[in-house]
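K.L.:
Quick one: this structure, given as structure tokens, is what I'll be asking you about.
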Amino acid sequence: MDNVASLMHGFSVALTTHHILLMMAGVLLGILVGVLPGLGAPNGVSLLLPLTFSMDPVSAIILLTSLYWGALFGGSTTSILFNIPGEPSSVATTFDGHPMAKQGRATEALSFAFLSAGFGAMAGVILITLLSGWVAKFALKFSSPEYFAVYFMTFASFIGLGGASPLKAIVSMGVGFALASIGMDSVSGNVRLTFEFDALLGGVSFLIAVIGLFGIGELIITMEEGLKFEGVQAKVRISDVLRTAAKLPRYWVALLRSSLIGIWMGITPGGPTAASFMSYAMAKRTSRNPAKFGKGEPEGVIAPETADHAAGSSAMLPMLALGIPGSATAAVMMGGLMIWGLNPGPTLFTDRPDFVWGLIASMYLGNVVAVIVVLATVPLFASILRIPFAIIGPIIVAICFIGAFTVASKSFDIWLALAFGVVGYLFKKLDYPIAPLVLAMVIGDKAEDAFRQSMIFSQGSLSIFWSNALVSTLMAIGVVLLLLPLVGMIAQRLRGRTAQSTV
Amino acid sequence: MKNLCIAAGLAAASVSFAGAAQAWQPTKPVEFVVTSGPGGGTDNFARVIQSIITKNKLFDQPIVVVNKGGGSGAEGYVYGRQNKSDPHRVIFGTNNAYLLPYVAKLGYKYSDLTPVAALALDEFIIWVNGSAPYNDAKSYIEAVKAKPGTFKMAGSQSKDTDQTLTAMIQLATGAKWIYVPFQGGGAAAVQLAGAHVDSNTNNPNENVGQWKAGQVKPLCVFSPVRLAKSDPVFEGKGWGDIQTCKEAGLPLETFQMPRTVWLPADVPADAVTFYADIMEKVSKTPEWQEFVSRTAQTGRFMKGKEFADFVAKDDAANAKVFEAEGWVVK
């Protein structure tokens, strides 16, 4: 109950007109940077950081976290409208969000995405409020083997998800792993796969891959299909937003399950991207009609969005309590904390309770403000689809290339994005899934580091993955997730055979 | 080609000649190139300087900070090579500027950079878990020597300062650790707080949060003199109460990492002077003093010959370890 009292105090710190205005400004800026692929939250936060040097820490962090929420929302917008994920964590939203937009249901898809995202974020913040002390201790139990087990779980839940053939999924994942290993390897300190080519030294950013594979690849396909952008006829009415909101409670199972997955991945080091992929996979697996997924199923939007935001907000806890940033954005904010004279770490909660609880209270308020602001922008964004492709197409290309350039201010990245665009087109034509590639790029190198650190810990023995209750449980869940589709396939084949023999 | 070179040389000479009459000033926005990712030690270093310059209006042009931390920071130095003779790109780093080319083929040489200044020395401390039975460095080293190859030392990256220091301690004392490289000092701090490893050699600032909570404790600092006195951090002990490693009886005295500022090669000499003067002004501001003492670094401004001598000495000491460990790439 102590926490609740502190939170109320936090509200009194955060709830001023000045702060609410900062939140709205932050959210709007965030939507702007989130909508531009490549610009993204980390860049937005680092651009704003110098402005905050002269502010007091509470106002500064409120501005930056609001920008972060706004960027997360903005990232989902482009995923749904143009199949271009603004952030890696909104890749999974494209699977069903974009088909919905194509069917003229953009308003519905956007509203579902924003509302469920708000729900997930709330779930994450409530967890922080109630369990902050416990989570900080729990997170200390995680070392490299546990990290690897969490990544393994994510991969396991995604392989054999159906859709494409499992072999093609593995090929795609393999390409992703190879791309992720380009650049400096932090375990050996050697440079890999750069062919002494300077531009590859920093590795290949998954943002470039995402911009190319999804954005440009999608445009090439659209052009081939006759330069028309479906969904042009979509009617945009404010009442549709409200009607969608009324439908949301029907998906309460998905909301709860996805929040739990998101929170879990947020406080363990999985992070928002892994959370959204895993949540999508679980939604499809537990659905009564999995065949609908990928063709515009609302649950396919709700599941990844809820988990993404639940993970995003609960990941703030390890950052504050342990001083480990859960994401690139969190890393920039941590740098900010230090410049404002705060030391993130276990004692931040006791040293600066006004700051910590002010921040947590601002997460409640910021999310409410963010949901209201973005819902108000839905009709605006949805009407973008009514603009003829001949106009919007070239604009998207320009935005993609600008986005690719802004990731690291390298012109080489523009060519790389173009190359990825061609790869994305070929993948689609040959029916190879793109998602496993992106997943492998985002968490592949972390999984590799964790695995090799574990091997250094155990001096080469795999038994380290069964060495304590925590890691064994995680690995066991992973193995079960990996084997389930196989069991299902065998069962189906057996049933098929008996069916045939009876005929 | 030769003519062109001469022409370019003449042009450069005439520029610096004109500069002698009127000191060099930036004429467009200045880029601060950070050789680490956002939130890293070098990132904080550069951004604090940015905020001090902006606040005190030390020069008129706006400053843009860009992170080029790929390849352990090599990306930023390669960028310096690519922008040869451009005095509007200021590169921030550590001793990795001259040490990285030893251990990996990275597409730049130390000669691609022009030294400007160093502003501080970051310190290294041996830390153990808060509930470990050791209270001084000697007894910990003895325990490691008794069971070679079972104790784990966490550090940031591979073949970087932490592993170099670990190798130095091993060579000097005969102790032997399993070195586990993590992404950064923050991760190494948390792994030690969770008792997954036995020790780390983090900079003060990387472990201060865990020390405050009593999850880790410092044994000794690799500095010739004790750190500056500070407010107590944990149980009445502050930075100034930590023994130096020499006091603790280790046959190894100094290991410090300079926080450095560079320009690309072939920039006008006046530009180097200009930035060195700016950095000197920065190092005298109260904001900088506050940053240095908060992060428990040692403030020490070096430029010109003093800096060059420091680099030569540090370079030789590190190169010896790289040779001994077989890390040098041919």
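K.L.:
May I ask for the longest run of chain A untouched by chymotrypsin sites (Phe, Trp or Tyr not before Pro) that are loop-located per DSSP and have at most 16 neighbouring C-beta atoms (other than their own) within 10 Å?
P.N.:
In chain A, the maximal stretch lacking such sites is A:1-194.
K.L.:
Taking R0 as 22 Å, what FRET efficiency do you get between B:LEU58 and A:LEU47 from their Cβ-Cβ distance, rounded to the nearest 0.05?
P.N.:
Calculated value: 0.55.
K.L.:
Which of rounded, prolate, oblate describes chain A, given a ≥ b ≥ c as roots of the alpha-carbon gyration tensor eigenvalues and a/c under 1.5 marking rounded, otherwise prolate only if a/b is larger than b/c?
P.N.:
rounded
K.L.:
Restricting to the range B:125-241, compute how many DSSP beta bridges are antiparallel as a %, nearest 5.
P.N.:
Restricted to the range B:125-241, the bridges split so that about 55 percent are antiparallel.
K.L.:
For chain A, what is the mean residue ellipticity at 222 nm derived from helices alone (per DSSP H run of n ≥ 4: -39500 (n - 2.57); sum divided by total residues; nearest 500 deg cm²/dmol)?
P.N.:
Here the helix-only value at 222 nm equals -24500 deg cm²/dmol.
K.L.:
Just tell me how shielded B:191-197 is by partners: mean number of partner chain Cβ atoms within 10 Å of each residue's Cβ, no decimals.
P.N.:
5
K.L.:
Here's something else I'd like to know. Scanning chain B for helices, which whole DSSP H stretches are 15 Å or more long along the axis (Cα) and average 0.5 or more by Kyte-Doolittle?
P.N.:
B:2-21
K.L.:
Right, something else. Which of A:ILE261, A:GLY312, A:LEU416 sits closest to the plus end of the dipole of chain A, meaning its Cα is farthest towards the positive end, when Lys and Arg get +1 and Asp and Glu get -1 on the C-beta?
P.N.:
My answer, from the dipole projection, is A:ILE261.
K.L.:
Give, in nm to one decimal, the length gained when the segment between B:LYS330 and B:VAL66 is fully stretched (0.36 nm per residue of separation minus the Cα-Cα distance).
P.N.:
91.9 nm
K.L.:
Right, something else. Could you give the longest part of chain B that holds none of the GluC sites (Glu not before Pro) found in DSSP loops with at most 16 neighbouring Cβ atoms within 10 Å?
P.N.:
B:1-234
K.L.:
Starting from the Cα of A:GLU224, step 7 Å along the direction of its Cβ; do the same at B:LYS229; then give the gap between the two resulting points in nm.
P.N.:
Inter-label distance under the simple model: 7.5 nm.
K.L.:
Restricting to the protein assembly as shown, compute how many DSSP beta bridges are antiparallel as a %, nearest 5.
P.N.:
60 percent
K.L.:
Hey, another quick one. Work out the length of the dipole vector of chain A about its Cα centre, built from +1 on the beta-carbon of each Lys and Arg and -1 on the beta-carbon of each Asp and Glu, and round it to the nearest 20 debye.
P.N.:
1560 debye
K.L.:
Further question: Which loop trypsin sites (Lys or Arg not before Pro) in the range B:204-248, with loop taken from DSSP, have no more than 16 other Cβ atoms within 10 angstrom of their Cβ?
P.N.:
Loop-located and lightly packed - B:ARG226, B:LYS229.
K.L.:
What does the structure give for A:194-206 when I average, per residue, the other chain Cβ atoms found within 10 Å of the residue Cβ?
P.N.:
If you average over the peptide's residues, the count of other-chain Cβ atoms is 4.
K.L.:
What is the distance in Å between the Cα centres of the range B:199-224 and the range B:137-193?
P.N.:
Each part's Cα centre sits 13 Å from the other's.
K.L.:
Could you tally the net charge around A:ALA404, taking each other residue with its Cβ under 13 Å from the Cβ of A:ALA404, Lys/Arg +1 and Asp/Glu -1?
P.N.:
0
K.L.:
Turning to a different aspect of this structure: Along Cα→Cβ, 7 Å out, is where each label goes; now give me the distance between the ones at A:VAL368 and B:THR273 in nm to one decimal.
P.N.:
Here the modelled spin labels are 6.2 nm apart.
K.L.:
Compute a Gaussian network model of chain B, connecting alpha carbons closer than 10 Å, and tell me which residue from B:ASN202, B:ASN135, B:ASN95 fluctuates the most.
P.N.:
B:ASN135
K.L.:
What range in chain A is the longest one free of GluC sites (Glu not before Pro) that are in a loop by DSSP and have at most 11 other Cβ atoms within 10 angstrom?
P.N.:
A:226-503
K.L.:
Follow-up question, since we're still on this one. Just to be sure I understand the rule: take each whole DSSP H helix in chain A, project its Cα atoms onto its long axis, keep it if the span is 20 Å or more and its mean Kyte-Doolittle hydropathy is at least 0.0. Which ones pass?
P.N.:
A:17-35, A:57-82, A:106-140, A:144-158, A:166-180, A:252-267, A:353-384, A:389-408, A:412-429, A:435-458, A:469-502
K.L.:
Okay, next question. Using the Cα centre of the range B:169-309 as origin and beta-carbon charges of +1 (Lys, Arg) and -1 (Asp, Glu), tell me which of B:THR254, B:MET279, B:VAL197 is placed farthest towards the positive end of the dipole.
P.N.:
The one lying farthest along the dipole's positive direction is B:VAL197.
K.L.:
Simple spin-label model, 7 Å along Cα-to-Cβ: B:GLN25 to A:ILE392 in nm?
P.N.:
Placing both labels 7 Å along Cα→Cβ, they lie 5.0 nm apart.
K.L.:
List the residues whose amide H sits under 5 Å from the amide H of B:VAL216, counting only those 5 or more places along or on another chain, with H placed 1.01 Å from N in the peptide plane.
P.N.:
B:GLY130, B:TRP211
K.L.:
Now for a different question. Under the 0.36 nm per residue contour assumption, what length would be gained going from the current alpha-carbon distance of A:ASP351 and A:ILE490 to full extension?
P.N.:
Residue separation times 0.36 nm, minus the Cα-Cα distance, leaves 44.3 nm.
K.L.:
Divide by every residue of chain B the summed helix terms, -39500 (n - 2.57) for each DSSP H run of at least 4, and state the resulting mean residue ellipticity at 222 nm, rounded to the nearest 500 deg cm²/dmol.
P.N.:
Computed mean residue ellipticity for chain B: -13500 deg cm²/dmol.
K.L.:
Once you've got the GNM for chain B with C-alpha springs shorter than 10 Å, pick whichever of B:ALA97, B:ALA167, B:ALA143 has the biggest mean-square fluctuation.
P.N.:
B:ALA143
K.L.:
Now for a separate question. Could you work out the mean count of beta carbons from other protein chains within 10 Å of each residue's beta carbon in B:62-71?
P.N.:
Counting other chains' Cβ atoms within 10 Å and averaging over B:62-71 gives 5.
K.L.:
Return the FRET efficiency for the residue pair A:THR473, A:THR286: r is the Cβ-Cβ distance, R0 is 25 Å, and the value is rounded to the nearest 0.05.
P.N.:
Computed FRET efficiency for A:THR473 and A:THR286: 0.75.
K.L.:
Would you mind calculating the gained length between A:SER188 and A:SER54 on full extension (0.36 nm times residue separation, minus the Cα-Cα distance), in nm to one decimal?
P.N.:
44.1 nm
FYI, it's all coordinate maths here, none of it is from the lab. Given the structure is predicted, the values throughout are model-derived calculations rather than measurements. Reconstructed Cβ throughout: ideal geometry from the backbone, glycine too, with neighbour counts over all protein chains shown.
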